[in-house]
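Asker: Next up is a structure, given as structure tokens.
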Amino acid sequence: MVKWICQSVLMAIIVLSGCADDSPKVKQNLDADLILNSKFSIPIDRSHTAIRAIRDSVILSYDDHYISYRWIAAEEIKFIGSEKMPYDFFTSALTSPKQEVEIVFLEGLGKVNKRAVLSRNNIDYYILDVERGTKIYMLSKAVDFVVEISSKSLTEKEIEKIVESSKLK
Amino acid sequence: MDAISLDEKQEFREILQVIFGPQVRNWDINIRVLELFGTLIQTSDSCSRYMDLVPRPFVVGSVIKWVSKQAREYIVRHIKNSGKHYLVCLRVAGLSMKNDFYMASQGF
């Protein structure tokens, strides 16, 4: 139990960037970076009220919603029955699913409105509106896992910030 | 609502462990988790071929009456009789829902 908690914490290091100023005239910088598995650096808002680190996820709670950041590695893709690497599985499943396992995965998302597919800083983004909110899948050929960001209510501004400011370490 | 007994929680926990893995051992099985489970089993058309539809008395609209102990017992029996293929199929369909289940087990 202690070992995997330590592993979870080590795998998700929150780096505080920017500085706080006590002057009431200066707006406090609430930005920080969440670094997953030492590879993906993703901007987050420091106004979260709680952080949950579990085996393969970090979940940040805010006043009225939570945002979940999960890394999906090859072992999990194998667990569901695909021999593909995460990058290939998600690219195929989210663009033109052919294998049954890819089709079933897509069905599991429920009704999907694909909002955007784009690339920035060597990262591919699949931004989906699903019944349970918004999902962003971050994929890169340079990394052997995929990041899934989920939230019931991600604003356009938050999505834009993730896309424009996330980077590979 | 009929309270979920410890035995029932354990039965659902065993089912969810096949779908999501050993971390389910640490989940609290509550009504929110069961409602999500209902969403999962009714979402995938491909998986449903491994299991017959939940009969009408246990469904209101498209929502399973999880508050009813009778409904819960029926679902557990039905799933166990459907065989492992069904649960393995749900494993795929549930890939995107794992953290939803975890947060539901935390009461969110």
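The values are calculated or read from the model by the stated rules, or taken from the named source; none is laboratory data. Remember, it's a predicted structure, so these values are computed and weren't measured experimentally. Note that we place each Cβ from the backbone using ideal geometry, even for glycine, and neighbour counts take in every protein chain shown. Side chains included, ligands, DNA and RNA excluded: accessible areas come from the protein's heavy atoms. Shrake-Rupley method; radii C 1.70, N 1.55, O 1.52, S 1.80 Å.
Asker: The conditions are (1) within 14 Å of the chain's Cα centre (by Cα); (2) at pLDDT 80 or above; (3) open to solvent by 20 Å² or more (accessible area, probe 1.4 Å), and B:LYS65 fails exactly one of them. Which is it?
Answerer: It is condition (2) that B:LYS65 fails.
Asker: Looking at segment A:104-131 only, could you name the residues that are in contact with a Pro (Cβ under 9 Å, 6 or more places away or on another chain) and aromatic (Phe, Trp, Tyr)?
Answerer: The one that is in contact with a Pro (Cβ under 9 Å, 6 or more places away or on another chain) and aromatic (Phe, Trp, Tyr): A:PHE105.
Okay, residues lined up against (1) modelled with pLDDT under 90; (2) closer than 16 Å to B:MET103 by Cα:
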residue: B:ASP7; (1), (2): yes, no
residue: B:GLN10; (1), (2): no, no
residue: B:VAL33; (1), (2): no, yes
residue: B:ILE41; (1), (2): yes, no
residue: B:VAL59; (1), (2): yes, no
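Asker: Please tell me if A:LYS111 is within 14 Å of another protein chain (Cβ to nearest Cβ), under 16 Å from the mean Cα position of the chain (by Cα) and either closer than 17 Å to A:ILE162 by Cβ or touching a residue at least 12 places away in the same chain (Cβ under 8 Å) (or both).
Answerer: Details: within 14 Å of another protein chain (Cβ to nearest Cβ): yes; under 16 Å from the mean Cα position of the chain (by Cα): no; either closer than 17 Å to A:ILE162 by Cβ or touching a residue at least 12 places away in the same chain (Cβ under 8 Å) (or both): yes.
So A:LYS111 does not fit the description; no.
Asker: While we're looking at this one, here's another question. Among residues belonging to segment A:108-131 that are in contact with a Gly (Cβ under 8 Å, 6 or more places away or on another chain) and open to solvent by less than 50 Å² (accessible area, probe 1.4 Å), point out the one that is nearest to A:LYS84 (Cα to Cα).
Answerer: As a first pass, look at segment A:108-131 and keep what is in contact with a Gly (Cβ under 8 Å, 6 or more places away or on another chain): A:108, A:130-131.
Checking which are open to solvent by less than 50 Å² (accessible area, probe 1.4 Å) leaves us with A:108, A:130.
Values: A:GLY108: 19, A:VAL130: 24 Å.
Restricting to residues being in contact with a Gly (Cβ under 8 Å, 6 or more places away or on another chain) and open to solvent by less than 50 Å² (accessible area, probe 1.4 Å), the top hit is A:GLY108.
Asker: Would you confirm whether or not segment B:98-105 contains a residue that is at pLDDT 90 or above and part of a loop (DSSP other than H, G, I, E, B)?
Answerer: The answer is no; no qualifying residue exists.
Asker: What pairs come out if I take residues in segment A:147-166 that are more than 12 Å from chain B (Cβ to nearest Cβ) and pair them with residues that are in a loop (DSSP other than H, G, I, E, B) whose C-beta lies under 6 Å away, six or more apart or interchain?
Answerer: A:SER153/A:HIS65
Asker: Every residue in segment B:86-108 that is closer than 17 Å to A:ILE77 by Cα and open to solvent by 30 Å² or more (accessible area, probe 1.4 Å), please. Steps first, answer last, please.
Answerer: Within segment B:86-108, the first condition is being closer than 17 Å to A:ILE77 by Cα, and the residues that meet it are B:87-99.
B:VAL88, B:ARG91, listed by residue number.
Asker: Further question on the same structure: Between A:PHE105, A:PHE90, which is at pLDDT 95 or above, closer than 21 Å to B:ARG91 by Cα and either open to solvent by less than 20 Å² (accessible area, probe 1.4 Å) or touching a Ser or Thr at 6+ places or on another chain (Cβ under 8 Å) (or both)? It would help to see each step written out before you state the result.
Answerer: Details: A:PHE105 fails: at pLDDT 95 or above.
Just a single option satisfies the conditions, and that option is A:PHE90.
Asker: Name every residue in segment B:21-35 that is touching a residue at least 60 places away in the same chain (Cβ under 8 Å), out of contact with any strand residue (DSSP E or B) (no Cβ under 9 Å at 6 or more places or on another chain) and surrounded by fewer than 21 Cβ atoms within 10 Å (Cβ to Cβ), in order of residue number.
Answerer: Those that are touching a residue at least 60 places away in the same chain (Cβ under 8 Å), out of contact with any strand residue (DSSP E or B) (no Cβ under 9 Å at 6 or more places or on another chain) and surrounded by fewer than 21 Cβ atoms within 10 Å (Cβ to Cβ): B:TRP27, B:ASP28, B:ASN30, B:ARG32.
Asker: Can you name the residue in segment A:68-83 that is open to solvent by less than 60 Å² (accessible area, probe 1.4 Å) and more than 10 Å from chain B (Cβ to nearest Cβ) and is also nearest to the chain's Cα centre (by Cα) among such residues?
Answerer: My answer is A:TRP71.
Asker: Could you list, in sequence order, all residues of segment B:89-106 that are more than 7 Å from every other protein chain (Cβ to nearest Cβ) and of a type in the set (A, V, I, L, M)?
Answerer: Scanning segment B:89-106 gives B:LEU90, B:ALA104.
Asker: Right, something else. Tally up the residues in segment A:39-55 that are open to solvent by 20 Å² or more (accessible area, probe 1.4 Å) and under 17 Å from B:GLN23 (Cα atoms), please. Give the steps one after another, and end with the answer.
Answerer: From segment A:39-55, those open to solvent by 20 Å² or more (accessible area, probe 1.4 Å) are A:39, A:45-53, A:55; that's our starting set.
Checking which are under 17 Å from B:GLN23 (Cα atoms) leaves us with A:52-53, A:55.
The qualifying residues number 3.
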